[in-house]
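Readers should treat all values here as calculations from the given coordinates under stated rules, not as data from a laboratory. Since this is a predicted model, take the numbers as computed values, not measurements. As a convention, Cβ positions derive from the backbone with ideal geometry for all residues, glycine included, and neighbour counts pool all protein chains shown.
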There are 4 protein chains.
Amino acid sequence: MNELDNLIGDLYEYDDELTAKQRKIIIAAIEAFAEKGYASTSTSEIAKNAGVAEGTIFRHYKTKKDLLISIVGPMVQKFIAPFVIRDMEKVLNQDHESIDDFLRAMLKNRIAFVSKNKLLFKILIQEIPFQPELKDLFKRHIGMKVVEKATLIIQHYQEKGQLVDLPPATIIRGIVSSIFGYIITRNLLLPELDWDDEVEIERTIHFILHGIKK
Amino acid sequence: MNELDNLIGDLYEYDDELTAKQRKIIIAAIEAFAEKGYASTSTSEIAKNAGVAEGTIFRHYKTKKDLLISIVGPMVQKFIAPFVIRDMEKVLNQDHESIDDFLRAMLKNRIAFVSKNKLLFKILIQEIPFQPELKDLFKRHIGMKVVEKATLIIQHYQEKGQLVDLPPATIIRGIVSSIFGYIITRNLLLPELDWDDEVEIERTIHFILHGIKK
Amino acid sequence: MNELDNLIGDLYEYDDELTAKQRKIIIAAIEAFAEKGYASTSTSEIAKNAGVAEGTIFRHYKTKKDLLISIVGPMVQKFIAPFVIRDMEKVLNQDHESIDDFLRAMLKNRIAFVSKNKLLFKILIQEIPFQPELKDLFKRHIGMKVVEKATLIIQHYQEKGQLVDLPPATIIRGIVSSIFGYIITRNLLLPELDWDDEVEIERTIHFILHGIKK
Amino acid sequence: MNELDNLIGDLYEYDDELTAKQRKIIIAAIEAFAEKGYASTSTSEIAKNAGVAEGTIFRHYKTKKDLLISIVGPMVQKFIAPFVIRDMEKVLNQDHESIDDFLRAMLKNRIAFVSKNKLLFKILIQEIPFQPELKDLFKRHIGMKVVEKATLIIQHYQEKGQLVDLPPATIIRGIVSSIFGYIITRNLLLPELDWDDEVEIERTIHFILHGIKK
DNA sequence: TATGAATGAGGTTTCATTCAT
DNA sequence: TATGAATGAAACCTCATTCAT
């Protein structure tokens with residue numbers, strides 16, 4: 001479980017916050033939630049796969065939902081938000097000459113991030129519609145901070161005459177849809193295909209920038 | 001539940017196949033599945049909301065999963081596939097001069113379709129990852145028939161010199177991502193906003209055709 | 001379980017409100033609660049003794065506490081309160097010449113009642129301190145209606161010059177303590193002794209009326 | 001927790017038998033048992049309220065029931081029994097002229113005792129029916145020694161012609177019921193009322209001595 | 001001595017499903 | 001056809017107790 005091991009290291013700043021059993025619980029939970037969905041995964045199954053007693057899960061997480069939140073919350077909080085924001089600040093400060101470069105940087109970064117966190121990503125998008133806590137978290141972090149920043153960046157480039165005069169919200173939606181479309185197709189819908197990320201990212205950037213019309 | 005009533009009429013060709021109770025069961029099930037997810041909805045809850053006895057559900061549907069499939073299967077089979085295909089044939093036959101018109105027709109049609117079937121749509125995309133039957137159905141209908149047709153159309157326009165020379169798969173992904181991005185934002189993420197569909201569809205078409213660069 | 005059978009008949013006015021299984025559940029629950037206490041009785045144990053599946057209990061009673069309340073509530077409501085009140089009205093109306101007769105009637109009646117409901121009585125006094133619902137029920141029925149009536153009766157006899165001039169509350173406490181003292185000693189503390197109820201009741205009445213001093 | 005602190009000092013002859021943690025455990029246990037009942041109190045709750053680790057409880061008390069017994073046992077053994085007996089011997093030796101004085105002394109003494117030990121008293125009467133160990137302890141100490149002595153005293157006064165010719169057991173029951181009736185009403189049923197103990201004790205003595213008849 | 005992570009048996013409750021009516 | 005009582009497996013969770021540190 002190399003992917004998962006790294007992941008844990010990322011999610012929890014101080015590794016020693018977690019006992020060995022806790023790590024095993026989290027890893028087993030991530031795998032099960034991603035494969036069968038949160039509601040269809042039983043705590044006894046998680047315990048069995050983690051090699052711990054069922055009671056041990058509840059010593060560390062008061063409820064099953066607590067376990068979910070503690071897995072998926074940090075992903076939203078510590079990763080998505082700060083990374084995105086830092087990236088964007090970098091962009092604004094370094095003042096890339098063209099948005100091409102900016103877009104390229106962003107896409108690669110985000111795609112690498114999701115590739116490292118495929119399972120968590122799947123859990124997150126599956127459960128957001130049903131977990132008000134997650135929805136809130138998401139709206140607060142992404143909806144407010146990220147969209148705000150993104151709007152500024154887009155206006156910045158629009159003023160420089162590089163971007164079309166669509167409303168920033170529409171532009172953001174276009175970009176995000178394209179990115180997610182790629183990520184989901186690549187990782188969830190057709191993971192069995194041979195993907196040349198380098199090339200396909202360039203194509204996606206081309207699509208975002210110039211559309212499909214010749 | 002006007003939306004649901006129409007819906008039922010659409011899903012089942014011969015309305016009289018369904019008893020009144022069956023209709024009520026299906027409606028209650030759609031509402032519950034969409035709101036809380038398939039796995040988190042109990043059959044007793046469906047029965048209560050439908051105003052029937054618990055046993056009645058199992059008289060008509062052997063298992064709970066049968067109920068799900070019988071709700072979401074027809075959507076895939078009878079709706080998505082035929083509509084899309086028919087649309088596309090229409091396009092190819094009528095031979096729209098420009099893809100602009102074609103795209104516009106498609107988008108409006110698909111968006112109208114999903115608006116009519118918001119709840120079913122939500123159930124479908126939530127459950128596809130977890131229900132092999134649905135995944136198969138989907139892949140067979142969409143993946144094979146639709147993608148095939150779409151590829152032909154794109155090649156058709158590429159030969160006419162109207163479309164950029166990206167691989168058809170990339171183009172399809174771009175278009176579909178943009179459509180879904182709009183539908184999901186509009187119906188699931190931010191349904192509380194005031195949407196002017198006419199205008200926003202035009203913007204989305206513009207994005208698909210020309211991208212974001214000026 | 002003849003005692004319990006009668007009991008059920010008393011508690012539920014229309015016997016046919018209860019299925020056979022429900023009766024068995026209630027009887028098993030009463031026995032277990034009385035023997036081991038509510039908190040120390042498991043629902044699985046009740047189910048086993050009742051000869052039903054555990055789920056059956058929860059089909060009829062939403063929670064374990066529901067089961068307790070539905071057993072002990074009617075005892076308070078339908079029995080204690082109305083009986084006592086009716087008795088007392090009878091007394092006031094018939095206007096017994098002396099309180100001796102009244103006391104005697106009361107004691108016999110109450111003692112017979114508790115003898116018929118020994119187990120329920122035990123459950124009731126054990127659980128009242130821990131179940132707010134029961135406390136409320138009890139205070140409302142006994143505390144308010146019964147004490148009020150009793151006060152009137154005592155004042156009635158005090159005016160006739162038959163009763164000592166202690167505050168009614170003190171007199172009620174004295175009488176009730178003596179009755180409960182007898183009932184508890186007789187049924188709970190020393191049930192193994194040979195009790196001649198007739199005689200012992202006369203003695204208790206003598207104690208209440210004249211005290212211990214010669 | 002002044003009440004509880006004194007209490008502990010009383011229960012354990014050599015205070016230094018107890019570590020600070022042990023004291024905290026006992027105090028927390030008394031409070032919890034009294035409030036929610038023995039069976040409904042978890043050891044983890046006691047540990048938390050005592051500010052110790054869960055394991056610490058089991059270092060001092062082999063089982064949860066051990067803890068209960070070690071709390072409530074001394075109350076029966078070291079307190080009730082010896083006090084009562086000593087009092088009674090005093091009475092017999094000092095040879096109070098009248099039982100009035102004797103009764104008054106007893107009542108005040110017992111009521112003061114229970115007031116100091118309200119919580120323990122509550123635990124004791126709640127748990128006696130369900131804990132054979134306690135029942136035994138109680139029967140051995142109270143049932144045998146106390147009743148024996150009390151019988152002697154009553155016969156003593158009966159011979160002096162001061163007491164009515166009811167069987168001693170009946171007289172004991174009358175007195176004890178009246179005392180408990182007062183203590184329970186005062187401390188458990190209606191603790192929120194303003195009680196003037198001096199006055200109410202006199203009234204209770206009057207009731208015991210002369211009954212309710214004028 | 002004290003800790004608190006770990007246990008696993010057992011608690012209450014839910015639930016899809018069956019079946020006699 | 002429709003019912004809803006009944007089921008029992010399995011869900012989530014609690015808890016007294018143990019044990020390595």
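If we hang a label 7 Å off Cα along the beta carbon direction at C:Pro168, how far is it from the matching labels on the other copies, in nm, shortest first?
Taking the point 7 Å beyond Cα along Cα→Cβ, the inter-copy spacings are 4.0, 7.7, 9.7 nm.
Please report D:Asp194, A:Asp100 as a ranked list, fewest other C-beta atoms within 10 angstrom at the top and most at the bottom.
D:Asp194, A:Asp100
Please rank B:Ile46, D:Ile183, fewest neighbouring Cβ atoms within 10 Å first, as an exposure proxy.
D:Ile183, B:Ile46
What is the average number of partner chain Cβ atoms found within 10 Å of a Cβ in B:159-171?
On the way: counts 0, 1, 1, 3, 4, 8, 2, 7, 3, 0, 5, 9, 4.
Mean partner shielding for this stretch: 4.
What's the minimum Cβ distance from chain B to the axis relating it to C, in whole Å, and which residue gives it?
Closest to the rotation axis on chain B: B:Gly55, 4.
Take peptide A:174-183, look around each residue's Cβ out to 10 angstrom, count Cβ atoms belonging to other protein chains, and average those counts.
Averaged over the peptide's residues, the number is 6.
Please list the non-local residues whose amide H lies under 5 Å from the amide H of A:Leu163, H modeled 1.01 Å from N, same-chain partners needing a gap of 5 or more.
A:Gln158, B:Lys214
Return one quarter of the surface area of the convex hull spanned by the alpha-carbon atoms of the stretch C:155-214, equal to its mean projected area, in nm².
Reported value for the Cα convex hull: 5.1 nm².
Given label points at 7 Å from Cα along Cα→Cβ, what nm distances, shortest first, separate D:Ala53 from the same residue in every other copy?
Nearest to farthest, the other copies are at 1.6, 4.5, 5.8 nm.
Calculate log10 I(q)/I(0) of the stretch D:116-168 for q = 0.15 Å⁻¹, where I(q) comes from the Debye formula with a single equal point scatterer on each Cα and nothing for solvent.
-0.60
If the cut-off is a Cα-Cα distance under 22 Å, which lysines reach D:Lys214, setting aside same-chain residues fewer than 8 apart in sequence?
Correct list for D:Lys214: C:Lys149, C:Lys160, C:Lys213, C:Lys214.
Short version: ³J(HN,Hα) in whole Hz for each residue of the stretch B:166-178, in order, from phi by Karplus 6.51 cos²θ - 1.76 cosθ + 1.60 (θ = phi - 60°), x for Gly and Pro, what are they?
Couplings: 7, x, x, 4, 5, 5, 4, 4, x, 5, 4, 4, 5 Hz.
Rounded to whole Å and ordered largest first, report the semi-axes of the equivalent ellipsoid of the stretch B:69-210 derived from its Cα gyration tensor (root of 5λ).
25, 20, 13
Counting only other chains, and only Cβ atoms inside 10 Å, what mean value do you get across the residues of B:35-43? Don't jump to the answer; show the numbers that get you there.
Details: counts 2, 3, 8, 3, 7, 5, 1, 0, 0.
Taking the mean over all residues of the peptide, I get 3.
Report, for D:Glu198, each distance to the same residue's label point in the other copies, shortest first and in nm; define the point 7 Å along Cα→Cβ.
The projected label point of D:Glu198 is separated from its counterparts by 4.9, 9.2, 10.1 nm.
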